[in-house]
Ligand SMILES: NC(=O)c1ccc[n+]([C@@H]2O[C@H](COP(=O)([O-])OP(=O)(O)OC[C@H]3O[C@@H](n4cnc5c(N)ncnc54)[C@H](O)[C@@H]3O)[C@@H](O)[C@H]2O)c1
């Protein structure tokens, strides 16, 4: 059993990404020593530049598909491109990142007796036939469609986590993250909130795939990080999986209209053909997170969207905005 009264040495894989950079920030604020590991596929130094001067923060460029030998007490495994644009760019590498990455990090957890948390996803439910989705639902995933590299990779990673737990007694935590948004989302990642905000700020039409009646629920990043840290630090042996997200549901069309209003943009809304295997409904059942973690989201959509819009406004606060978005790294 680890002694968590000492400042834990925490490894965050994917630490230079959207969620990872917020997690590193939070862990440093809580007094941890943080080792951020990233291969910068979708993450960027800009996300963690403000942390580089902190003596308890260390950055390592490394690809999790290769073994890593370090001494740590806790591991948050976030490394994996999360948006369809990015994970479909090199689908074989996406599956490798989820599956071989999980094997490498579970091996590290086994050797160091570290507790390890997997950032799994609502995509393990695929296009759900049950609504909202409780953790007991096994999902409806197309195993060979263009999203399978991500969905099945994450499902296999969950399998590995539970097998390492049963077979090798590794102390695991699995959370299934539903759509999360906030500052440091990649402006080109094609995720619905960042897409709409960027389009609205650039005065371009907002593109909706399908008729816009598909529903989504959106969790603000601060709430999500809070749930993640709670899950890691609960000492009652809760392995999960635990759904984490905001159950407030809205249609994509409503979201587009809301963002046009909040940005004060003159953009219109256009419809494009629906994306392949795009789920029609997505909303978490968070009863388990409420009961076991004493957690529920606190930030409402208006507050979260205003803060996210402000981030993108500042990012675009220089003359050649379109080029900045196109070249963002
Ligand atoms: N943001 C969401 O709404 C959401 C929803 C469900 C699950 N998740 C999960 O949370 C995690 C973080 O997502 P995010 O939104 O921050 O995405 P992101 O793309 O911003 O971050 C992923 C990070 O992992 C890094 N990475 C990718 N492949 C790697 C590899 N082989 N080795 C080392 N680093 C690698 C990237 O460079 C990036 O910094 C992902 O595992 C994702 O599946 C996110």
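FYI, it's all coordinate maths here, none of it is from the lab. Note that the coordinates shown come from a computational prediction; the quantities given were computed from them, not determined experimentally. With ideal geometry, Cβ positions are generated from the backbone for all residues, glycine too; neighbour counts draw on all protein chains shown.
Scattering from region 170-235 was approximated by placing one identical point on each alpha carbon and applying the Debye formula without solvent; log10 I(q)/I(0) at 0.14, 0.29 1/Å stands at -0.56, -1.31. Among 26-37, 160-171, the peptide with the highest mean count of other Cβ atoms within 10 Å heads the list, and the full ranking is 26-37, 160-171. By the count of neighbouring beta-carbon atoms within 10 Å, fewest first, 50, 62 end up ordered 50, 62.
In this entry, region 84-136 is assigned a mean projected area of 5.1 nm², taken as a quarter of its C-alpha convex hull surface.
Angle of helix 252-263 to the longest C-alpha principal axis of the chain, folded into 0 to 90 degrees and rounded to 10: 80°. Remark: 239, 97 ranked as 239, 97, counting other beta-carbon atoms within 10 Å and listing the fewest first. Relative intensity of the chain on a log10 scale, I(q)/I(0) at q = 0.07, 0.08, 0.16 Å⁻¹, equals -0.26, -0.35, -1.50, per a Debye sum over C-alpha point scatterers of equal strength in the absence of solvent. Per residue, the average separation of C-alpha pairs within less than 8 Å and at least 6 apart gives the chain a relative contact order of 17 percent. As a proxy for reagent exposure, ranking 221, 260, 70 by other Cβ atoms within 10 Å from fewest up yields 70, 260, 221.
Its residue count N sets the reference 2.2 N^0.38 Å, and the alpha-carbon radius of gyration of region 155-285 equals 1.28 times that reference.
If you bin all the Cα-Cα distances of region 113-172 at 10 Å, starting from zero, the percentages per bin are 22, 45, 27, 6. Relative protection proxy for 278-288, 181-191, from highest mean packing down: 181-191, 278-288 (other beta-carbon atoms within 10 angstrom). Taking the C-alpha atoms only, the angle from helix 18-29 to the longest principal axis of the chain is near 50 degrees. Between 0 and 90 degrees, the angle of helix 301-315 with respect to the longest Cα principal axis of the chain falls at about 80 degrees.
Here is the P(r) of region 111-213: all C-alpha pair distances, binned every 5 Å from 0, give 2, 10, 15, 17, 18, 15, 11, 6, 3, 2, 1 in whole percents.
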